[in-house]
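> Sending over a structure as C-alpha cells; questions will come in a sec.
The values are calculated or read from the model by the stated rules, or taken from the named source; none is laboratory data. All values reported here derive from a predicted model rather than from experimental measurement. We place every Cβ from the backbone using ideal geometry, glycine too, and count neighbours over all the protein chains shown.
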Amino acid sequence: MEGAVRIYAGELNRSAGVARHDGAVVHTPSGASCSRIYFVGVLTEVNRAGHGFLRARVADPTGTIDIAAGRDAPQVTETLASLTPPAFIALTGTFRIDTWLPEPHIAVRPEAVRIADRDERDRWLLVTADRTLRRLEAQHPADRDEGVARVVERALAVIPETPEGDSQGGVRQAVMATIDRYSGPRGMDVADLVRYVQECGYPEPHIRDAIRGLLDDDECYTPASGCIKRL
C-alpha cells in the first residue's frame, strides 16, 4: 500500500485531482503525487447524511478539508459520530473527486481516525512544513508555487512561543531539521541556515537565538568560521 503523504489543507485545496478506476490521485503544487493522506487537525463539523453515510470537516491553520465516510468504514463513521466538535483528530485516508460540482472538489475518505491533541497537531505541522519545503526545493525554481510557502508560514505561525523567544517544537526544531538536511562534511553555512529557516516564517532574531542556544547546549558546534554542524 502506498504511504500516506502529509499535506496541509491550504495546499490540498490548491491541488488537482484525477479520478481513476483504482482510486483518485492528487497532484499538489509542491510536487506530491499521491493517493493517500495523513492529516492532523481540528474536527469542526460532523453531519449524518443518512443511510450510514457521514460528512465532516477538519481544519488546520491553513484551511479545511472535507471528509466523507460511508458504510465501507463503519468503525470510522462510528468514531466520528461519537465526537463533539471541536476536537483534535488524526486520520489517514484516500481521496474522492466530486466531479458533479461546478468545479471538481477533492474530499477525503478516511481509512482510520483517532483522537489526537494539540501537541500532536503541532508536531504534525512542523514535520509537514519540512516535507512540503523539501518538495518545493526539489522543483525547478520557475515551477515553484510561492503560495505554498505562504501556506507553510500560516501553519507555523500558530505554534506557541516560549518566553525565551523559541517555540515548543518550533524554531529550534526547524533549525535542527534544516541542519540535518543540508549539512555537508564541513556542516552548513550559517547564512544559508538562517535564510532557509526564514522561509518557514520565523524571524531572523529568533533563528539566531536558537542557533546560539544549540551551541550553548552542545547540540551543535562550529567546525569552521561561519559554519555549524550537529554533534
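> Quick one: would you say Ala69 is modelled with pLDDT of 95 or more, at negative phi and touching a Ser or Thr at 6+ places or on another chain (Cβ under 6 Å)? Steps first, please.
On the way: modelled with pLDDT of 95 or more: no; at negative phi: yes; touching a Ser or Thr at 6+ places or on another chain (Cβ under 6 Å): yes.
The answer is no for Ala69.
> Right, something else. Considering the range 173-192 alone, what residues qualify as being touching a Gly at 6+ places or on another chain (Cβ under 8 Å) and modelled with pLDDT under 85? Can you show your working first?
In the first step, residues of the range 173-192 are kept if they are touching a Gly at 6+ places or on another chain (Cβ under 8 Å); the result is 179, 189-191.
Within the range 173-192, none qualify.
> Considering only helices (runs of 4 or more DSSP H) fully contained in the range 72-162, which possess at least 2 residues that are over 28 Å from Gly23 (Cα atoms)?
Details: elements: 74-82, 118-138, 146-156.
By residue number, 118-138, 146-156.
> If you take the residues in the range 5-56 that are modelled with pLDDT under 90 and closer than 21 Å to Gln75 by Cβ, which one is surrounded by the most Cβ atoms within 10 Å (Cβ to Cβ)?
Gly23
> With the condition kept exactly as written, say whether any residue in the range 197-206 is exposed (fewer than 13 other Cβ atoms within 10 Å of the Cβ), over 21 Å from Val127 (Cα atoms) and under 27 Å from the mean Cα position of the chain (by Cα). Explain how you work it out, then say what you get.
Filtering the range 197-206 for residues exposed (fewer than 13 other Cβ atoms within 10 Å of the Cβ) gives 203-205.
If we keep only those that are over 21 Å from Val127 (Cα atoms) too, we end up with 205.
Add one more test, that the residue is under 27 Å from the mean Cα position of the chain (by Cα), and what stays is 205.
Yes, the range 197-206 contains a residue that is exposed (fewer than 13 other Cβ atoms within 10 Å of the Cβ), over 21 Å from Val127 (Cα atoms) and under 27 Å from the mean Cα position of the chain (by Cα).
> A further question on this structure: Among the residues in the range 126-137, are any exposed (fewer than 15 other Cβ atoms within 10 Å of the Cβ) and among the polar types (S, T, N, Q)?
No, every residue in the range 126-137 fails to be exposed (fewer than 15 other Cβ atoms within 10 Å of the Cβ) and among the polar types (S, T, N, Q).
> Given the conditions (1) loosely packed, with under 15 Cβ neighbours inside 10 Å; (2) in contact (Cβ under 8 Å) with a residue 60 or more places away in the chain; (3) of a type outside the set (Phe, Trp, Tyr), which single one is not true for Arg118?
Here Arg118 meets the rest and fails (2).
> Would you pick out the residues in the range 184-213 that are acidic (Asp, Glu) and in a strand (DSSP E or B)? Spell out the reasoning first.
Of the range 184-213, the ones acidic (Asp, Glu) are 189, 192, 199, 204, 209.
Across the range 184-213, the qualifying residue is only Asp189.
> For the range 25-70, enumerate the residues that are assigned to a strand (DSSP E or B), closer than 16 Å to Ile97 by Cβ and touching a residue at least 12 places away in the same chain (Cβ under 8 Å).
As a first pass, look at the range 25-70 and keep what is assigned to a strand (DSSP E or B): 25-27, 33-34, 36-50, 53-60, 63-69.
Next, from what is left, pick out any that are closer than 16 Å to Ile97 by Cβ: 25-27, 33-34, 36-37, 55, 65-68.
Across the range 25-70, the qualifying residues are Val25, Val26, His27, Cys34, Arg36, Ile37, Arg55, Ile65, Asp66, Ile67, Ala68.
> Which of (1) modelled with pLDDT under 85; (2) under 21 Å from Ala32 (Cα atoms) is the odd one out, the single condition Ala138 does not satisfy?
(1)
> Go through the residues of the range 214-224 one by one and say whether even a single one is assigned to a helix (DSSP H, G or I) and either surrounded by 13 or more Cβ atoms within 10 Å (Cβ to Cβ) or modelled with pLDDT of 85 or more (or both). Walk me through how you get there before you give the answer.
Of all residues in the range 214-224, those assigned to a helix (DSSP H, G or I) come to 214-216.
Add one more test, that the residue is either surrounded by 13 or more Cβ atoms within 10 Å (Cβ to Cβ) or modelled with pLDDT of 85 or more (or both), and what stays is 214-215.
So far as the range 214-224 goes, yes, one or more of its residues are assigned to a helix (DSSP H, G or I) and either surrounded by 13 or more Cβ atoms within 10 Å (Cβ to Cβ) or modelled with pLDDT of 85 or more (or both).
> Which pairs turn up if I take residues in the range 180-191 that are touching a residue at least 24 places away in the same chain (Cβ under 8 Å) and look for partners that are among the polar types (S, T, N, Q) and not in a helix (DSSP H, G or I) with beta carbon separation below 8 Å, at least 6 apart in sequence or on another chain?
Final answer for the pair search is Gly187/Thr222.
> Determine whether Arg150 is at pLDDT 90 or above, within 29 Å of Tyr202 (Cα to Cα) and exposed (fewer than 14 other Cβ atoms within 10 Å of the Cβ).
Values: at pLDDT 90 or above: yes; within 29 Å of Tyr202 (Cα to Cα): yes; exposed (fewer than 14 other Cβ atoms within 10 Å of the Cβ): yes.
Considered against the rule, which asks whether it is at pLDDT 90 or above, within 29 Å of Tyr202 (Cα to Cα) and exposed (fewer than 14 other Cβ atoms within 10 Å of the Cβ), Arg150 comes out as yes.
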